[in-house]
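As structure tokens, the structure follows; a few thoughts come after it.
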Amino acid sequence: MAMLTWTIIGLLALCHSSIAYTKFPPGFTFGVATASHQIEGAWNVNGKSENVWDRLSHTRPEMIADGTNGDIACDSYNRYLEDVEELEYLGVDFYRFSLSWARLLPTGRIDHVNPDGIRYYNDLLDALAEKNIEPLVTLFHWDLPQTLQDLGGWTNPKMIDYFRDYADLCFKEFGTKIKSWITFNEPYEICEDAYGDEKKAPAINSHGVGNYLCSDNLLKAHAESYHLYNETYRPVQNGRIMISINSIWYEPSDPSNAEQVVLAEVANQFKFGWFAHPIFTVEGGYPAVMVENVARQSAAEGLSKPRLEQFDDYWIQRIKGTSDFLGINHYTTWLVTGAGVDPTAKSPSWLKDIGAVATMEVGGDSASEWLRVVPTGFANLLRWCKSSYNDPPIYITENGFSDLGTLLDYDRIKYYNDYLSEILNVIYDDGVNVLGYTAWTLMDNFEWRAGFSERFGFYYVNITDPERPRTKKLSADYYRDLIANRELPQDKRYKISQK
Ligand code: GBH
């Protein structure tokens with residue numbers, strides 16, 4: 001009997017290990033990401049104007065954890081060839097980086113193009129082409145020209161035209177070299193953290209109001225630049241264009257608690273659905289539950305009009321379907337514990353409008369308070385995206401892990417390994433159409449309000465040395481092996497035991 005039991009356990013173990021996928025499907029591509037303000041430096045050099053992060057870090061340095069700023073950052077403006085060497089070592093198929101609006105258009109508007117900005121990005125693009133690394137380029141990764149912020153930034157409807165003009169310039173100047181575009185990086189962070197709160201520059205903190213003005217304008221600006229590309233540039237340039245939406249994925253703390261299940265879905269609609277629903281669903285527009293909740297709260301506040309209103313039919317149609325792929329930035333999962341107002345919520349606010357309380361007490365930790373290690377949450381998010389958005393083709397446009405900068409970064413390796421393993425699970429078991437993966441990030445860089453205190457890179461950057469030397473971490477070798485073999489590395493030196 002004992003013998004039989006052991007045989008069965010052995011067989012089960014065998015079966016189990018044979019379903020731990022390690023190989024990526026043919027055609028799956030790998031890249032690594034950065035963003036202009038986090039790496040370039042040269043903040044006031046050769047015609048670049050001030051952006052909202054320059055302004056915040058210079059005038060309110062106490063708002064940056066370690067008092068650093070993006071003045072020099074990784075000095076990629078001068079050292080981009082070192083960046084390209086690192087990319088070559090990793091062996092990536094593509095490099096995701098962003099363009100600095102204030103470097104290209106110092107007034108923010110199209111009236112004056114800065115030739116040095118055009119030159120800089122052409123030099124970078126040529127260096128990438130020489131190494132056969134495809135560019136995946138973000139138009140807006142948070143560094144708004146201060147001139148446009150002075151006019152209200154994303155709360156001003158004129159931003160729809162200004163962004164379209166900026167996109168037009170980029171398509172025209174770089175479109176023969178760039179075949180893959182991302183309009184916005186993480187609209188949630190822009191609207192909620194920067195306008196509805198003070199977690200990001202310009203730190204407007206117009207909670208419950210500015211955040212929704214922002215989303216109205218940002219989604220329209222996205223749609224207008226998509227249509228411009230689609231109608232004017234795509235026929236000759238043959239590229240593709242998408243948006244990258246970020247998630248904190250919410251799960252019920254107790255999956256058998258029906259109220260928590262419903263509230264986790266509400267939270268996901270407020271977070272991911274806020275920007276995904278208008279673009280990726282058949283009906284379009286903001287999620288119904290979001291419109292209803294904000295209307296109910298607004299009425300209770302005695303307002304004659306809700307703080308967020310549904311788009312009219314023209315805009316619902318105009319915004320719908322304006323992304324060739326669903327770009328997902330994903331790092332972590334939080335747990336919904338029940339109904340109510342989160343104790344940290346301001347009034348009014350997006351957080352109060354949700355009407356749910358969440359906790360970060362889940363998974364392993366990282367150097368970032370908000371980032372908990374929950375690989376299964378990634379699989380759940382991806383399955384949810386497949387069913388909520390009609391099985392879209394998906395690119396993971398960011399995923400990564402922070403520590404304090406150690407070179408033997410086993411925790412980062414394990415994070416990548418476990419999250420990538422979940423991607424394989426959903427590809428093979430659930431048919432989720434994930435086509436590519438982007439790791440955040442190439443090298444330690446200016447991590448916004450965390451400064452350089454939280455580090456996400458494959459390369460360590462010494463920011464006390466003017467040469468900004470970069471030192472390879474062990475995770476760089478892990479990612480290089482992964483890409484070379486299109487398979488999760490098994491090598492003992494990474495200290496990961498495959499399932
Ligand atoms: C990405 O944002 C960015 O695109 C990238 O530039 C950045 O360097 C990278 O991730 C690493 O952070 O605890 O309530 O203050 C990730 C989005 C930003 C979501 C921080 C959670 C903190 C929430 N995350 N945010 S809170």
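The dipole here belongs to segment 203-322: it is taken about the Cα centre, uses +1 on the Cβ of Lys and Arg and -1 on the Cβ of Asp and Glu, and is about 420 debye.
Each Lys or Arg adds one and each Asp or Glu takes one away; over the other residues whose Cβ falls under 13 Å from the Cβ of residue 200, this sums to -4.
All C-alpha to C-alpha distances of segment 15-154, sorted into 5 Å bins beginning at zero, yield P(r) values of 2, 9, 17, 19, 16, 12, 9, 6, 4, 3, 2, 1, 0 percent in whole numbers. Sorting 150, 216 from the fewest to the most surrounding beta carbons within 10 angstrom yields 150, 216. Between residue 112 and residue 303, the C-beta separation translates, for a Förster distance of 45 Å, into a calculated FRET efficiency of about 0.65. Centre-to-centre separation between the Cα atoms of segment 28-47 and those of segment 404-424: 23 Å. If you sort the three axes of the alpha carbon gyration tensor as a ≥ b ≥ c, you get a/c of 1.5 or more for segment 318-385 and a/b no higher than b/c, which makes it oblate.
Note that segment 38-43 has calculated 3J(HN,Hα) couplings of 7, 10, 5, x, 6, 5 Hz, one per residue in order, obtained from phi through the Karplus relation 6.51 cos²θ - 1.76 cosθ + 1.60 (θ = phi - 60°); glycine and proline are x.
List, in the order given, every pair from 177/472; 158/352; 386/495; 352/386; 271/386; 200/472 whose Cα-Cα distance in the structure shown is over 21 Å. Each step should come with its number before you reach the end.
Values: 177/472 29 Å; 158/352 29 Å; 386/495 33 Å; 352/386 28 Å; 271/386 17 Å; 200/472 29 Å.
Over 21 Å Cα-Cα: 177/472; 158/352; 386/495; 352/386; 200/472.
When every Cα-Cα distance of segment 449-495 is counted in 10 angstrom steps from zero, the calculated P(r) takes the values 24, 40, 25, 11 percent.
About its Cα centre, the dipole of the chain is roughly 580 debye, where the only charges are +1 on Lys and Arg Cβ and -1 on Asp and Glu Cβ.
Extension gain for the segment residue 58 to residue 467, taken as residue separation times 0.36 nm less the Cα-Cα distance, is 145.0 nm to one decimal.
Viscosity 0.890 mPa s, temperature 25 °C: what is the translational diffusion coefficient of segment 314-436 from Stokes-Einstein with a Kirkwood Rh over Cα pairs, rounded to a whole number of µm²/s? Present the calculation step by step, with values, prior to reporting the outcome.
On the way: Rh = 16.6 Å.
Rounded to a whole number, D works out at 148 µm²/s.
Partners of residue 179 within straight-line reach, counting aspartates and glutamates whose Cα lies under 18 Å from its Cα and excluding those fewer than 8 residues away in the same chain: 93, 123, 126, 130, 134, 168, 231, 324.
Computed over the chain, the P(r) curve from all C-alpha pair distances, binned at 10 Å from the origin, holds 4, 19, 31, 28, 13, 3, 1, 0, 0 percent per bin.
Assign unit charges at the C-beta atoms only (+1 for Lys and Arg, -1 for Asp and Glu), then state the dipole size of segment 58-168 relative to its Cα centre in Debye, rounded to the nearest 20.
With only Lys, Arg, Asp and Glu charged at Cβ, the dipole is about 500 debye.
Computed over the alpha-carbon atoms, segment 196-308 gives an Rg to Rh ratio of 1.04, Rh here being the Kirkwood radius from the mean inverse distance.
Taking K and R as +1 and D and E as -1, what net charge do the other residues with C-beta under 11 Å from the C-beta of residue 320 add up to? Neighbourhood net charge equals -1.
Please compute the net charge surrounding residue 426, taking Lys and Arg as +1 and Asp and Glu as -1 over other residues with Cβ under 10 Å from its Cβ. Working shown, then result.
On the way: positive: 383, 386; negative: 422, 429, 430.
So the surrounding residues net to -1.
Read-outs throughout are calculated quantities, based only on the coordinates presented, and are distinct from any laboratory measurement. If you're wondering where the values come from, they're calculated on a predicted model, not measured in any experiment. All Cβ positions, even for glycine, are placed from backbone atoms using ideal geometry, and neighbour counts span all protein chains on display.
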